[in-house]
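Below is one structure. I have some questions about it.
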Amino acid sequence: MKFLIIIKRGKMKNIIKAICSFSILALVLTACGDSSKKASTLDATKKQGFVKCGVSQGVPGFSNADASGNWTGIDVDVCRAVAAAVLGDASKVKYTGLSAKERFTALQAGEIDILSRNTTWTLERDASIGLTFVGVNFYDGQGFMVRKTSGLKSVNEFKNGVKVCTNLGTTTELNMADFFKSKSVKYEPVVFEKADEVVQAYDAGRCDTYTTDKSALAAQSTKMKDPTEHVVLPETISKEPLGPVVRQGDSKWEDVVRWSLNVFIEAEEYGVNSGNIDSMKDSKNPAIQRIVGAEGTKNGEALGLDNQWSYRIIKQVGNYGESYKRNLADTNIMPERGPNQLWTKGGILYVPPVR
């Protein structure tokens, strides 16, 4: 009996080893299967026929819908560029308005495939929550808006007890806390989930100042009863590089979105726009030929696209300068480009070469 038990135990060890080996193999196969699913965004987008784009709930100049539900803005144009590149039609985009609090969850859950919603690129967001920033389409910084009747000329004039309106779930909250702590000023935060709620509260006098990115302050002031009654104080208290975000782990889709943004910006650098792109096909400049899809096929193939992907972006959406002009300059939201001017013209807008 003891001998039989020993034999059985020996067999049991072998069985256990076999089970362990099988389990390891199953885990590997599962991981591969998951990776396969994560890498399918490009194929899924082609199959469904539209790009799932997460935008704000309404920031004029960046992502804002009119009464008919038509979205415009420089963040919207990022998703339009991807649609033009992948689907051949910049209009094939489904927009989802998201609050700051719900935007990352929506991307992680697959409700959207691109988040293009005035979102700041930070280490924690890039490394800790399964997301990847693919570039910067607007360089910004946090500021404070006050009523002209307050008489305030500088952030250094804030006093203890100041009430501050802002959005919930943003880098703005942390920047605000750091700022007032550094100034040894006690403040009262008045926070809301939706941007329009913040604007309404500030405009109604529920707080003394409204803080967020300076571009958003300029944009949201257009929704106030009398925008001329308010002023943005001169100081900038943070760096806010804003750009599109995708889920981590899908390198093909990440490349498509990144290079759609890059060619959008580089086209302006080389003077290629929606009006002249057809004539630019005869350019002797190799960089321009690549942008207009007149040279080789390797760029398109590397992205899983045809060689006209970049041509369609510029033809249908325009270059970055055109987007900035129609959405921010012509609307008088931010007439001056500041750091968002090309690096060749004194700004810091700079992308890797499309080659």
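The values are calculated or read from the model by the stated rules, or taken from the named source; none is laboratory data. These numbers were taken from a predicted model, which means no experiment stands behind them. Note that each Cβ is placed from the backbone with ideal geometry, even for glycine, and that neighbours are counted across all protein chains shown.
Are any residues in region 196-248 buried (at least 16 other Cβ atoms within 10 Å of the Cβ) and small (Gly, Ala, Ser), and if so, which ones?
Residues satisfying the conditions are Ala201, Ser215, Ala216, Ala218, Ala219, Ser221, Ser238, Gly243.
While we're here: Can we say Gly275 is without any contact (Cβ under 8 Å) to a residue 40 or more places away in the chain, part of a loop (DSSP other than H, G, I, E, B), in contact with a helix residue (DSSP H, G or I) (Cβ under 7 Å, 6 or more places away or on another chain) and small (Gly, Ala, Ser)?
no
Only one of Gly321, Gly304, Gly293 is surrounded by 17 or more Cβ atoms within 10 Å (Cβ to Cβ), farther than 30 Å from Gly58 by Cβ, in contact with a helix residue (DSSP H, G or I) (Cβ under 8 Å, 6 or more places away or on another chain) and not basic (Lys, Arg). Can you tell me which?
Values: Gly321 fails: farther than 30 Å from Gly58 by Cβ; Gly304 fails: surrounded by 17 or more Cβ atoms within 10 Å (Cβ to Cβ).
The unique qualifying residue is Gly293.
Considering only region 128-145, I want to know if a residue exists there that is without any contact (Cβ under 8 Å) to a residue 60 or more places away in the chain and closer than 30 Å to Gly346 by Cβ.
no
For the subset of region 55-113 comprising residues that are in a helix (DSSP H, G or I) and among the basic types (Lys, Arg), which member is surrounded by the fewest Cβ atoms within 10 Å (Cβ to Cβ)?
Among those that are in a helix (DSSP H, G or I) and among the basic types (Lys, Arg), it is Arg103.
Sort out which residues of region 39-63 are under 15 Å from the mean Cα position of the chain (by Cα), over 20 Å from Glu254 (Cβ atoms) and touching a residue at least 60 places away in the same chain (Cβ under 8 Å), and write them in order of number.
Passing the criteria: Ser56, Gln57, Gly58, Val59, Gly61, Phe62.
Scan region 245-261 for residues that are in contact with a strand residue (DSSP E or B) (Cβ under 8 Å, 6 or more places away or on another chain) and in a helix (DSSP H, G or I) and jot them down.
Selection gives Trp253, Glu254, Val257.
Quickly run through region 216-227 and pick out the residues that are without any contact (Cβ under 8 Å) to a residue 60 or more places away in the chain and part of a helix (DSSP H, G or I).
Initially, region 216-227 is screened for residues without any contact (Cβ under 8 Å) to a residue 60 or more places away in the chain, giving 224-227.
Matches in region 216-227: Pro227 only.
Still on this model: Across region 170-215, what is the total count of residues that are in contact with a Cys (Cβ under 6 Å, 6 or more places away or on another chain), under 16 Å from Asp226 (Cα atoms) and assigned to a strand (DSSP E or B)?
The number of residues fulfilling the criteria is 1.
Going through Pro244, Pro335, Pro353 one at a time, which residue ends up being of a type outside the set (Phe, Trp, Tyr) and touching a Cys at 6+ places or on another chain (Cβ under 9 Å)? Before the answer, list the steps.
Working: Pro335 fails: touching a Cys at 6+ places or on another chain (Cβ under 9 Å); Pro353 fails: touching a Cys at 6+ places or on another chain (Cβ under 9 Å).
Answer to the check: Pro244.
Which residues, counting only those in region 114-145, are in a loop (DSSP other than H, G, I, E, B), at pLDDT below 95 and surrounded by fewer than 20 Cβ atoms within 10 Å (Cβ to Cβ)?
Selection gives Thr122, Ile129, Gly130.
For (1) over 26 Å from the mean Cα position of the chain (by Cα); (2) closer than 21 Å to Ile114 by Cα, each residue gets a yes or a no:
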{"site": "Asp203", "(1), (2)": "yes, no"}
{"site": "Asp208", "(1), (2)": "yes, no"}
{"site": "Asp226", "(1), (2)": "yes, no"}
{"site": "Thr236", "(1), (2)": "no, no"}
{"site": "Lys239", "(1), (2)": "no, no"}
{"site": "Gly249", "(1), (2)": "no, yes"}
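Does Leu328 satisfy being within 29 Å of Val59 (Cβ to Cβ), touching a residue at least 24 places away in the same chain (Cβ under 8 Å) and aliphatic (A, V, I, L, M)?
Criteria met by Leu328.
Of the residues Gly58, Gly49, Gly69, which single one is modelled with pLDDT of 95 or more and in the same structural domain as Arg312 (by TED's automatic domain parsing)?
Criteria check complete, one pass: Gly49.
So, one more: For Asn299, are the conditions met, namely being part of a helix (DSSP H, G or I), touching a residue at least 40 places away in the same chain (Cβ under 8 Å), of a type outside the set (Phe, Trp, Tyr) and in contact with a strand residue (DSSP E or B) (Cβ under 7 Å, 6 or more places away or on another chain)?
Numbers: part of a helix (DSSP H, G or I): yes; touching a residue at least 40 places away in the same chain (Cβ under 8 Å): yes; of a type outside the set (Phe, Trp, Tyr): yes; in contact with a strand residue (DSSP E or B) (Cβ under 7 Å, 6 or more places away or on another chain): no.
Against the criterion (part of a helix (DSSP H, G or I), touching a residue at least 40 places away in the same chain (Cβ under 8 Å), of a type outside the set (Phe, Trp, Tyr) and in contact with a strand residue (DSSP E or B) (Cβ under 7 Å, 6 or more places away or on another chain)), Asn299 does not qualify.
Take the residues in region 105-124 that are more than 21 Å from Phe50 (Cβ to Cβ) and touching a residue at least 40 places away in the same chain (Cβ under 8 Å), then tell me which one is farthest from the chain's Cα centre (by Cα).
My answer is Thr122.
If a residue has to be touching a Leu at 6+ places or on another chain (Cβ under 6 Å) and either under 13 Å from Val82 (Cβ atoms) or assigned by TED's automatic domain parsing to the domain that holds Val86 (or both) to count, how many in region 212-246 make the cut?
1
Can we say Ile348 is within 22 Å of Val76 (Cα to Cα) and β-branched (Val, Ile, Thr)?
Judged against the criteria, Ile348 is a match.
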